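Remarks on the structure that follows.
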Amino acid sequence: MADEPQITLLFATISEWAVAQGADQINRLPGPWTGETDEWTVKINGHPNKIDDVPPYGFLATHKTAFIGMAVGNAYGGCVIGPSENELIEHFRSRLPSPNHPRSDT
């Protein structure tokens, strides 16, 4: 078990946030699923090939106003440019709905 790759916290957090926004069965979409916060635009690709600069089964997050602000990756790794990975994780955690309001689309 120790040799199995672990899913990154950033990927897990963005995935949890996307599900809270209503993302579902993204592999059936014709392209990436797209969601936004007040600061970031996120695309998640549920397909085995690169689409719109989003890696296979990965994500691309771009900051809306910062000259340098981007994150790209998949479940097992990636790259963050601009904020720290921890800052990005905290950003998406802080946008998760409270337990009393489990999804933003309900």
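A few points about this structure:
- Filtered residue count, region 3-31, keeping only those that are more than 12 Å from Gly58 (Cα to Cα) and assigned to a helix (DSSP H, G or I): 8
- Contact map, region 81-93: residues that are in contact (Cβ under 8 Å) with a residue 60 or more places away in the chain paired with residues that are among the hydroxyl-bearing types (Ser, Thr, Tyr) and surrounded by 12 or more Cβ atoms within 10 Å (Cβ to Cβ), Cβ distance under 9 Å, separation 6+ or inter-chain. Pairs shown: Glu85/Thr8; Leu88/Thr13; Ile89/Thr13; Phe92/Thr13; Phe92/Thr37; Arg93/Thr13.
- Residue among Leu88, Leu96 that alone is assigned to a loop (DSSP other than H, G, I, E, B), surrounded by 11 or more Cβ atoms within 10 Å (Cβ to Cβ) and at pLDDT 95 or above: Leu96
- Unmet criterion (only one of (1) β-branched (Val, Ile, Thr); (2) without any contact (Cβ under 8 Å) to a residue 40 or more places away in the chain; (3) crowded, with 18+ Cβ neighbours inside 10 Å) for Ile14: (2)
- Criterion: free of Cβ contacts under 8 Å to residues at least 60 places away in the same chain, in a strand (DSSP E or B) and among the polar types (S, T, N, Q) - qualifying residue of Thr34, Thr65: Thr34
Yes/no per residue for (1) basic (Lys, Arg); (2) more than 14 Å from the chain's Cα centre (by Cα); (3) surrounded by fewer than 18 Cβ atoms within 10 Å (Cβ to Cβ):
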| position | (1), (2), (3) |
| --- | --- |
| Leu10 | no, no, no |
| Asp24 | no, no, yes |
| Gly35 | no, no, no |
| Glu39 | no, no, yes |
| Lys43 | yes, no, no |
| Gly46 | no, no, no |
| Ala61 | no, no, no |
| Gly78 | no, no, no |
| Ile81 | no, yes, yes |
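- Filter result for Ala66 (at pLDDT below 95 and surrounded by 12 or more Cβ atoms within 10 Å (Cβ to Cβ)): yes
- The single condition among (1) surrounded by fewer than 16 Cβ atoms within 10 Å (Cβ to Cβ); (2) of a type in the set (Lys, Arg); (3) under 12 Å from the mean Cα position of the chain (by Cα) that Lys50 does not meet is (3).
- In region 45-59, the residues that are of a type in the set (Val, Ile, Thr) reach residues that are modelled with pLDDT of 95 or more and assigned to a loop (DSSP other than H, G, I, E, B) with C-beta atoms within less than 8 angstrom, at least six apart or across chains, in these pairs: Ile51/Gly31; Ile51/Pro32; Ile51/Asn45; Val54/Pro32; Val54/Asn45.
- Scanning region 95-104 turns up no residue that is under 11 Å from the mean Cα position of the chain (by Cα) and not charged (D, E, K, R).
The values are calculated or read from the model by the stated rules, or taken from the named source; none is laboratory data. Model, not experiment: these values are computed from the prediction. Note that we place each Cβ from the backbone using ideal geometry, even for glycine, and neighbour counts take in every protein chain shown.
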